[in-house]
Amino acid sequence: MLFRNLFFLCLAVALSVLGLRAESSRPFVVVLDAGHGGHDPGAVGNGGREKKITLSVVRKLGSMIQRAHPEVMVLYTRTTDTFVGLQARADFANRNKANLFISVHVNSAKSEVSGTETYVLGLAKQGSNFSAAIRENKAMLLEKDYKRIYRGFDPTSTESYIMFDLMQDAYLSRSIDLANLIEREYKRLGRKSRGVRQDIFWVLSQSAMPSVLTEIGFISDKREARFLISEAGQEQIARALSKAFTSFYSGSTEASGLAIASEPTSSKPRQEVEETQSKISRSKADRTTSDRQEAEAQRIVRNAKQAKAQSAQPGGKSLREMRAEDNALRAAEVKAALAQRQEPKQDLKHKPKASAGAQTQATTVQREARATVQSQPSSVYRIQIFALSRRLTAESPELSSLDMPITITQEGGLYYYTVGQMSTLGEARKLQQRIRKHYKDAFIVRYEGERRVEKIF
């Protein structure tokens, strides 16, 4: 009996080790998304159709990536002229635990406009009419039972976008990195770059990974349409995207031994108040990005638009709440994989020394709306509830479920809302479980001093 028990114990240990090895050797997965398809032609003009152009470019891009990086797993949301819903595209990427999502589209305008644009998720600057997002999101109207699938979201209503409050986007900086790389490669082709932009694209909002949507040109412009329709033009576009991917992939694999493109951290202390987007970590290849593109990335985060209305909808939950609950379920597998990453051990003998100019302030908002400056231990765990583009007050309904002090720190154009200050991961896990009863997307952030060094889901 003893021998039998010992045998099964050894077998269980062996299987566990094999499972860990399999997870650690999981390949980098990129999902390529050809916009539109089937009965949804997308933008049409000057003898070309968006659905055909995007599919051709995506298939060329996939082949180039596989030739350059055979270890990378390339997946497609569609490989033929078929219709795929917006939610189904994001679900596919989440289900396959993708490390990167690239959606390719073709632009169109009534006026004489040309050039490329690459989008990341976010509220555009003040005065935006959401025209780009409305044009692409209208594809959901072609789906059967779209009102149920998209929970009443109206892609033609600007009010829907205003209420689409950004809770948190842990992948924003990495998405901007890739977007900058893409626009840089377009410029090297001699294309006119209209820069990196933000808007509320459904397929980006539902993807639990760094993701971009790139508009490769305007089919409404005759000269640009000829380029987009031509085999040579599509080949050049695919090659530009492939080069951008290689630069991004090189930076991602350097930052993670598991080939998971999580947000990299800096070894230098960061000032969480009045921090600018120039502090976002970038891959080595992106360090030569032009000043104009870098300034554009800074503008994106600085001008993240404050939501103009409380997100309450008659007779139901707010879009913000529904998105939090929905994403928590859809990204469960991705978060589980990230949680398995080994926590780096702190070297107490070689702590980085904070420079005199890198002092950080943390403002604590008490429930009675009293603000005090709170000193922090050298290494602590906090629970992040969400991040918003606007600062809430103690009386805000979003904070009504909390009965403890909330720490607000500002980084770039976002305010990060955290609670607790635990010295061990075990204590943080217990508080996280409690907080998730009210905030389903809450996760742990490890701090060294006032520097965010690790996210734990």
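Just so it is clear, none of the values below were taken in a lab; they were calculated from the coordinates. Keep in mind the model is a prediction, meaning the values are calculated, not measured. When we count neighbours, we look across all protein chains shown, and the Cβ atoms used for this are built from the backbone with ideal geometry, even at glycine.
DSSP beta bridges fully contained in the range 29-254 are about 25 percent antiparallel. Shown for the range 29-254 is the translational diffusion coefficient from the Stokes-Einstein equation, using the Kirkwood radius over Cα pairs, a temperature of 25 °C and a viscosity of 0.890 mPa s: 141 µm²/s. Name the residue farthest towards the positive end of the dipole of the range 29-254 from the options L172, L213, N46, assuming +1 on Cβ of Lys and Arg, -1 on Cβ of Asp and Glu, about the Cα centre. The residue sitting most towards the positive pole is N46.
When the C-alpha to C-alpha distance is required to be over 28 Å, the pairs from K138/K437; K187/K455; K52/K138; K110/K192; K51/K455; K52/K243 that qualify are K138/K437; K187/K455; K51/K455. In terms of other Cβ atoms within 10 Å, S396, S108 run from fewest to most in the order S396, S108. Just so you know, the Rg over Rh for the range 173-229 is 1.01, from Cα atoms, with Rh as the Kirkwood radius.
Taking the fewest neighbouring Cβ atoms within 10 Å as the starting point, the ordered list for E143, E215 is E143, E215.
Between L141 and V453, full extension at 0.36 nm per residue minus the direct alpha carbon distance yields a gain of 108.1 nm. Looking at the P(r) of the range 379-456, how many percent of alpha-carbon pairs lie beyond 21 Å? Value for the range 379-456: 22 percent of Cα pairs lie more than 21 Å apart.
The slack in the chain from T82 to S379, taken as 0.36 nm per residue of separation less the alpha-carbon distance, amounts to 101.8 nm.
Computed from the C-beta positions of R148 and M404 and an R0 of 35 Å, the FRET efficiency is 0.40 to the nearest 0.05.
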